[in-house]
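Note sheet for the following structure.
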Amino acid sequence: MLPAAFSLLADYTEDYAWFPDSASTFSEEVDSLYNWITGIGLFFFVIVIFALFYFAVKYRKAKGQKAESQVSHNTPLELAWSVIPSIFLVGMFIFGAKVYLDMRTVPDGSYGVGVQAFKWGWTMDYGKGTYHPELHLLLNEPTKLTMQSSDVIHSLYVPAFRAKKDVVPGRYNYMWFEPTVATPKVSDEELAAALKEVEESGGSWDQAAYDKYQFTPDGYKFYDLYCAEYCGENHSEMQTVVVVHETREDLDAWIKKYSSRGDDVSLEAYGEKLYNRRGCSSCHSIDGSQRVGPSYKDAYGSMRALANGSEVLVDENYLRESIIDPKAKIAAGYAPVMPSYKGQLSDDDIDSLIAYIKSLSEAGQ
Amino acid sequence: MSAGTTLPPGVVRDPGFPTQSENYLTNSKGVLSWIFTLDHKRIGVMYLVGVSLSFLLGGLLALALRWHLVDPDGALFSNAIYNQVFTLHGAIMVFLFIIPSIPAALGNFLVPVMLGAKDVAFPRLNLSSFYLWIFGAIFFVLALCGSGLDTGWTFYTPYSTTTDTSVIMATLGAFILGFSSIFTGLNFIVTINTMRPPGMTWFRMPLFLWATYATSIIQVLATPVLGITLLLLIAERTMQIGIFNPEFNGDPVTYQHFFWFYSHPAVYIMILPAFGIISEIISVHSHKHIFGYRFIAYSSIAIALLGFLVWGHHMFTAGMSDMTTIIFSALTFTVSIPSAIKVFNWLATMYKGSISLTTPMCYAISFIFLFTIGGLTGLHLGTLATDQHLHDTYFVVAHFHYVMVGGTLVAFLGGLFHWWPKMFGRMYNEAGGRVSAFLVFLGFNLTFLPQFVLGSRGMPRRYATYDPEFAFLHTMSTHGATLLGVGLLVALIVLLMSLINGRRAVANPWGGATLEWNCTSPPPFYNFERAPVVGDPYDFHDIEWDAENERYVTIEPERKLAPETKPVDTPAHAGGQN
């Protein structure tokens with residue numbers, strides 16, 4: 001088992017590590033049960049393998065020699081090796097079910113976060129119109145996730161918490177956990193240097209940057225959060241991070257930072273942030289390359305062919321409609337797979353996105 | 001036939017060698033004689049070629065997947081192509097290789113011979129199920145490739161229904177293959193029920209037949225559910241009846257229930273025949289009576305029945321009710337006991353035996369090692385709390401490969417080496433065979449042991465790219481897969497070389513007591529002239545090694561005519577018997 005000190009390395013564990021970080025109340029129980037089962041398994045395995053190789057060597061005989069014995073059964077012995085292992089199985093079942101029931105019983109007054117899963121990303125709903133792909137939690141605070149899917153089955157998996165639950169379209173699935181180890185913040189200098197590097201290379205803080213620096217664009221170390229149920233092309237990139245704040249003030253400050261546009265931020269700049277943060281970027285490119293959905297580049301002001309054969313001018317109204325009701329007008333050559341963002345984006349958010357899309361097109365500038 | 005110098009007194013029984021016109025391989029010539037054959041042995045050989053080609057294809061895809069994963073960002077394919085390749089790998093291996101491998105290829109050859117019968121009960125049905133398999137296989141592969149299906153072999157809704165109609169075509173392909181499987185199962189059930197020779201009671205059947213019988217029951221009972229699932233999928237797509245699709249108030253988890261109600265028992269279709277093969281190999285090559293015959297026979301049936309009740313453990317994280325989840329966990333544990341019993345029985349069979357470390361025995365030992373790991377790691381997954389962490393990770397990948405590859409494939413290879421002399425009348429190079437067993441064992445462990453660690457550390461399955469911290473273990477696994485490929489290649493070369501320059505096989509090269517060793521190698525097209533004498537299939541008392549002719553023979557006590565002497569010519573009252 002890993003000491004908590006390993007969490008200083010964020011999600012990066014050594015090659016020889018057997019478990020990921022242990023950072024929730026479940027992880028200790030699950031790991032000890034795992035070790036216990038492994039121990040019992042090893043006990044039987046060693047007996048079986050010893051007997052297997054010992055017999056194979058000891059009773060190896062030249063062809064034609066008769067076996068020393070032709071005993072064909074021994075009922076008490078056979079009953080013994082049927083019944084004794086069963087006792088261990090009952091133990092595993094009971095302990096497993098007990099911990100499982102804990103995992104399914106949410107404590108009253110848990111901190112609630114909404115989760116929207118879609119191809120291929122996550123949106124966490126912190127209430128009051130604050131959405132962000134990262135999952136931010138409070139240390140030692142039981143947290144309940146209420147999860148829904150926009151399209152196909154996904155599965156939310158945080159290895160460090162030993163917790164996983166499928167996100168099934170058409171129903172709400174829930175899970176809960178209590179983080180026990182906070183993820184520290186890196187020094188301001190380190191963060192500033194990393195931000196500068198990313199900016200100079202002209203990119204945004206994408207998956208590669210998370211992997212490279214091992215902290216978020218706000219400077220927090222993190223635990224990995226994976227999608228564990230196969231969901232299509234970019235299933236393996238449907239990852240985000242979990243940050244555990246040490247104090248409520250710190251968490252609230254982070255939520256506030258992302259709650260709205262802020263007075264000093266332009267519509268275009270905020271639109272770009274939303275583009276990265278709300279999952280637009282996983283399907284729509286900004287350089288003209290083709291992804292699951294049409295590219296934003298030079299979209300505004302152009303005529304777009306639709307799947308039903310007609311054409312439409314890409315203007316503010318069309319863009320707004322496509323965000324709120326994506327299946328109303330389907331662009332020719334694309335599948336109607338975009339989920340609706342109705343109720344998930346404020347008017348100001350939509351204005352920002354439209355402003356950003358306009359800025360990517362000659363006609364809009 | 002002359003007896004060897006060391007043989008005990010008695011009459012030597014050995015059928016010798018078949019003539020050209022008796023040998024089932026040579027008694028008729030030309031392609032048509034194979035295409036229209038009703039001989040179960042030829043159909044078995046054709047199946048063997050078919051499943052081997054499928055395995056080759058699936059195996060090359062597996063190697064491609066492994067080599068893609070040496071680089072965290074993916075070395076060979078785009079994400080989309082990777083997804084199609086793993087779908088193809090899984091679907092081909094499951095539906096075209098593992099399910100038909102032992103029952104259809106080895107089973108077809110062995111069931112009638114082990115019964116001392118001339119053929120299966122319905123030879124024409126047997127041939128038709130082979131053609132159904134060919135047709136289904138082509139249809140299935142075309143459906144997968146034609147649409148670039150990337151749903152995984154499980155076709156989970158709603159992902160599979162949002163793409164296009166190809167999921168219906170693919171399920172239809174699986175359904176046609178299923179019919180082939182049903183026909184074969186039906187055939188074996190009738191054959192075993194009605195065509196046992198006089199004296200072969202149920203408990204004098206070789207254990208391979210028990211395993212085949214249990215498998216056939218599952219095939220006949222479970223496969224129709226796949227058909228029902230297909231019909232519901234079609235109804236869902238054409239009429240939006242709202243079973244699987246959440247857009248019409250359906251529930252995608254219902255699809256998983258239907259799918260696994262077939263596919264979980266199908267897992268036992270894959271492993272039960274392997275148990276049968278191992279029971280035969282361990283007993284014959286230890287030259288000792290199988291230990292706990294009845295427990296092994298009953299445990300096959302127990303697995304077949306319990307296997308129908310545990311499908312829910314594929315959905316432990318899907319959001320079933322807590323009660324359902326806990327009940328499925330309890331049922332899952334019950335199915336592990338019959339498997340454990342078998343392992344102990346095999347070990348007890350080896351105890352105080354006279355073990356020959358032949359190639360089949362090496363594979364059988366390898367099987368016990370690998371299957372024990374596969375079985376024990378199932379406990380982590382059956383336990384609810386640990387499963388929440390390990391579900392859908394590489395731990396699961398490693399677990400089922402230990403059971404399906406370390407179990408079924410290794411048993412299939414062991415069985416192939418065991419019955420190869422019988423099937424083709426040629427002995428292979430023993431040293432080469434043992435080397436292949438060793439390489440397969442080594443390569444397999446190197447491939448899949450690291451995956452247990454990967455899964456415990458939280459690496460999800462079906463990932464085309466992954467976090468850099470997993471790279472070391474992935475690379476190890478890839479090199480293991482290459483070694484495994486080399487081992488399998490060696491096995492193939494050893495077997496093929498035997499056809500070219502192998503020594504002619506005697507009727508009983510290993511010293512087996514079951515009926516197939518009582519006819520020539522290869523068997524004549526009619527198997528047995530008349531139903532043979534049936535005794536205990538694991539009684540090795542009368543089987544002796546004939547060193548001079550390098551063969552095992554059955555020694556029968558010299559039979560005397562009674563009365564021994566000729567009666568006197570003149571009756572006593574006439575003055576005889578002086």
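The values are calculated or read from the model by the stated rules, or taken from the named source; none is laboratory data. From a predicted model like this one, the values you see are computed outputs, not experimental measurements. When we count neighbours, we look across all protein chains shown, and the Cβ atoms used for this are built from the backbone with ideal geometry, even at glycine. Calculation scope for accessible area: heavy atoms of the full protein, side chains included, ligands and nucleic acids excluded. Shrake-Rupley method; radii C 1.70, N 1.55, O 1.52, S 1.80 Å.
Would you calculate, for chain B, the mean residue ellipticity at 222 nm contributed by helices, counting each DSSP H stretch of 4 or more residues as -39,500 (n - 2.57) and dividing by all residues, to the nearest 500?
About -20000 deg cm²/dmol.
What order, most packed first, do the peptides B:167-174, A:295-302 have when packing is the mean number of other Cβ atoms within 10 Å of each residue?
B:167-174, A:295-302
Would you please give the residues with an amide H less than 5 Å from that of A:Leu137, counting only those at least 5 places away or on a separate chain, with H modeled from the backbone geometry?
Those lying under 5 Å, H to H, from A:Leu137 are A:Val243, A:Val244, A:His245.
Provide the packing ranking of B:260-270, B:452-462, B:407-417, i.e. peptides ordered by the mean count of other C-beta atoms within 10 Å per residue, highest first.
Put in order of decreasing packing, that is B:407-417, B:452-462, B:260-270.
Let's see if you can work this out: charge +1 on each Lys and Arg Cβ, -1 on each Asp and Glu Cβ, no other charges. What is the dipole magnitude of the stretch A:29-144 about its Cα centre, in debye to the nearest 20?
Once rounded to the nearest 20, the dipole reads 840 debye.
Per residue of B:377-383, count partner chain C-beta atoms within 10 Å of its C-beta, then hand back the mean as an integer.
Partner Cβ neighbours, averaged per residue: 6.
May I ask for the Rg/Rh ratio of chain B, computed from Cα atoms with Rh as the Kirkwood radius, given to two decimals?
Result for chain B is an Rg/Rh of 1.03.
Using a simple spin-label model with points 7 Å from Cα along the Cα→Cβ vector, what separation in nm is obtained for A:Ala253 and A:Ser340?
4.0
Which cross-chain or sequence-distant (5 or more) residues have an amide H under 5 Å from the amide H of A:Val167, H modelled 1.01 Å from N in plane?
Counting only residues 5 or more places away or on other chains, the set is A:His154, A:Ser155, A:Leu156.
From the phi of every residue in the stretch B:504-513, what ³J(HN,Hα) in whole Hz does the Karplus formula 6.51 cos²θ - 1.76 cosθ + 1.60 yield, where θ is phi - 60° and glycine or proline is x?
Computed from phi, the couplings for the stretch B:504-513 are 5, 7, 7, 5, 10, x, 9, x, x, 10 Hz.
What residues qualify as long-range amide H neighbours of A:Cys227, i.e. H under 5 Å apart, gap of 5 or more or another chain, H built at 1.01 Å from N?
Here A:Met238 satisfy the definition.
Once you have a ≥ b ≥ c as the square roots of the Cα gyration tensor eigenvalues for the stretch B:82-144, tell me rounded if a/c is under 1.5, and otherwise prolate or oblate according to whether a/b is larger than b/c.
Oblate shape, in that a/c is at least 1.5 and b/c is the bigger or equal ratio.
If all Cα-Cα distances of the protein assembly as shown are sorted into 10 Å bins from 0 onward, what percent lands in each bin, rounded to whole numbers?
Final binned percentages: 2, 11, 19, 22, 17, 12, 8, 5, 2, 1, 0, 0, 0, 0, 0.
Compute log10 of I(q)/I(0) for the stretch A:267-364 with the Debye formula, placing one identical point scatterer on every Cα and leaving out solvent, at q = 0.14, 0.22 Å⁻¹, to two decimals.
Evaluating at q = 0.14, 0.22 Å⁻¹ gives log10 I(q)/I(0) of -0.46, -1.27.
Can you pull the three principal axis extents for the Cα set of the stretch A:229-305, in Å, largest first?
Here the Cα extents, ordered largest to smallest, are 51, 39, 16 Å.
Go ahead and run the numbers for FRET between A:Arg304 and B:Phe472, Cβ-Cβ distance against an R0 of 41 Å, rounding to 0.05.
Taking R0 as 41 Å, the efficiency between A:Arg304 and B:Phe472 is 0.30.
Sequence gap at least 6, Cα distance under 8 Å: using those rules, report the relative contact order of chain A to the nearest whole percent.
16
Give the distance, in whole Å, between the Cα centre of the stretch B:508-578 and the Cα centre of the stretch B:250-322.
One Cα centre to the other: 41 Å.
Using θ = phi - 60° and the Karplus form 6.51 cos²θ - 1.76 cosθ + 1.60, what ³J(HN,Hα) does each residue of the stretch A:92-105 get, whole Hz, x for Gly and Pro?
4, 4, 5, 5, x, 5, 5, 5, 4, 4, 4, 5, 9, 10
For a quick check of your reading of the filter: which trypsin sites (Lys or Arg not before Pro) in the stretch B:509-559 sit in a DSSP loop and have no more than 15 other Cβ atoms within 10 Å?
Sites meeting the loop and neighbour criteria: B:Arg530, B:Arg559.
Debye calculation, C-alpha points only, no solvent: report log10 I(q)/I(0) for the stretch B:140-190 at q = 0.13, 0.15, 0.30 Å⁻¹, in the same order as the q values.
Treating every Cα as an identical point scatterer, log10 I(q)/I(0) equals -0.37, -0.46, -1.09.
For the stretch A:113-120, take each phi angle, set θ = phi - 60°, evaluate the Karplus expression 6.51 cos²θ - 1.76 cosθ + 1.60, and give the result in whole Hz per residue in order, putting x for glycine and proline.
For the stretch A:113-120, the Karplus-derived couplings read 10, x, 10, 10, 9, 8, 6, 10 Hz, x marking Gly and Pro.
For the pair A:Ala62/B:His541, report the inter-label distance in nm, with labels modelled 7 Å from Cα in the Cβ direction.
Roughly 2.6 nm, to one decimal.
Relative to the longest principal axis of the C-alpha atoms of chain A, give the angle of the C-alpha long axis of helix A:248-257, reported between 0 and 90° and rounded to the nearest 10°.
Roughly 40 degrees between the two axes.
At 1.4 Å probe size, what's the solvent-accessible area of A:Glu197? Round to the nearest 10 Å².
90
As I understand it, the value is the acute angle between the Cα axis of helix B:394-403 and the longest principal axis of the Cα atoms of chain B; what does it come to in degrees, rounded to 10?
Rounded to the nearest ten degrees, it is 10.
Hey, got the average number of other protein chain Cβ atoms within 10 angstrom for residues in B:500-513?
Whole-number average of other-chain Cβ neighbours for B:500-513 is 0.
What average count of beta carbons from other chains do you get within 10 Å of the Cβ of residues in B:285-293?
Counting Cβ atoms of other protein chains within 10 Å of each residue's Cβ and averaging gives 5.
Restricting to bridges with both residues inside the stretch A:111-257, how much of the DSSP beta-bridge set is antiparallel, in percent to the nearest 5?
70
Using a basic spin-label model with each label point 7 Å from the Cα along Cα→Cβ, how many nm lie between A:Ile84 and B:Val31?
About 6.1 nm separates the two model spin labels.
In degrees between 0 and 90, to the nearest 10, how far off the longest principal axis of chain A does helix A:267-277 point, with axes built from Cα atoms?
In chain A, helix A:267-277 runs at an angle near 20 degrees to the longest axis.
Mean projection of the alpha-carbon convex hull of the stretch A:60-208 over all orientations, in nm²?
Here the figure is 20.1 nm², rounded to one decimal.
Taking the Cα centre of the protein assembly as shown as the origin and placing charges on Cβ (Lys, Arg +1; Asp, Glu -1), which of B:Gly307, B:Ser283, B:Phe97 is farthest toward the positive end of the dipole?
B:Ser283
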